[in-house]
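In what follows, a structure is listed as structure tokens, so that the remarks can point back to it.
Derivation of every value follows stated rules applied to the coordinates shown; laboratory data play no part. No experiment lies behind these values; they were computed from the predicted model shown. For neighbour counting, all protein chains shown are included, and Cβ atoms are generated from backbone atoms with ideal geometry for every residue, glycine included.
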Amino acid sequence: MTTRAEFLDRVRREMGKTRGLFPAESAPRLARPQEAADAVRRQLVERWPHALDRFKTEFERIAGVFHRVSRLDEVPAVLARIAAERGVREIIAWDPAALGWDARAALEPHGLAVRLAPAGGDEADRRRHRDDAARAPLGLTGVDWALAETGTLILASGPGRPRSTSLLPETHVAVFGPSALLETLEQVGMMLEARHADPALAGSGGAINFITGPSRTADIELTLTRGVHGPKEVHVVFVDGPGGAA
């Protein structure tokens, strides 16, 4: 039986046969992360339409479904249509404070039953929400950022916004507006650094999920299956007007 030392020695010998394309090095930490994040936001005030075009292209390339509306009050009709097309009558959603609007009040007139994530609560409340999310066919969330260069949704978990809402239902729908758009992964890093440096936000989320399209899994014969480890479908509803950013 090969020992750990022998295995690592073999890896070192194989890696030593060829030179790397470039030396590995750590990126320098930002000295003033909040200033860097504010600069990115100022740039995106004018550049967000270009970022949105790129996001839509990349998101649809990975089998995401893109919807766009002018105002937040148009979102419930889009969600009702998505639900009707899939025969869905029940939705699990973030808490209104986390989502930025009250999904229950907006969607119940469309005949949809909405279960909301607990804003705080104890472990029993959180476990109940996970069970509800596992049974719900559709999960509704906002996003923290939407990364244009890969069509990726970035969601930080926290009170009223558990990750189970986006990961357990078969269909995930995320609603966001221009202020969530970022162009590059480097900009995402700046935002995360600024978040970490803010005492009010640092450590406020248990996990940060990068969601790039529906769940995909391939077996040893490379047979691709969707929905094994996450949603089979991922939709976004982009809101141009005020209230679009959750």
Net charge of Cβ neighbours under 10 Å - reference Glu90; Lys, Arg +1; Asp, Glu -1: +2
DSSP bridge pairs, the chain: antiparallel proportion in percent, nearest 5: 30
Surrounding net charge for Arg32, when Lys and Arg each add one and Asp and Glu each subtract one, Cβ distance under 13 Å: -3
Using alpha carbons only: equivalent-ellipsoid semi-axes of the chain, gyration tensor based, whole Å: 34, 24, 19
C-alpha long axis of helix 185-197 to longest principal axis of the chain, angle in °: 80
Amide hydrogen neighbours beyond the local backbone of Glu183, cut-off 5 Å, H modeled: Ala148
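Just from its helices, what would the mean residue ellipticity at 222 nm be for the chain, if runs of 4 or more DSSP H residues each count -39500 (n - 2.57) and the sum is divided by every residue, rounded to the nearest 500 deg cm²/dmol?
On the way: 8 runs with 91 residues, N = 246.
Value at 222 nm, helices only, nearest 500: -11500 deg cm²/dmol.
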Karplus 3J(HN,Hα) series, Hz, for region 12-20 with 6.51 cos²θ - 1.76 cosθ + 1.60 (x for Gly, Pro): 4, 5, 5, 5, x, 6, 10, 8, x
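With a 10 Å Cβ neighbour count serving as the proxy for reagent exposure, in which order, fewest first, do Met190, Met15 appear?
Sorted ascending by nearby Cβ count, the order is Met15, Met190.
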Rounded FRET efficiency, nearest 0.05, which uses the C-beta distance separating Lys17 from Ala105 and R0 of 51 Å: 0.20
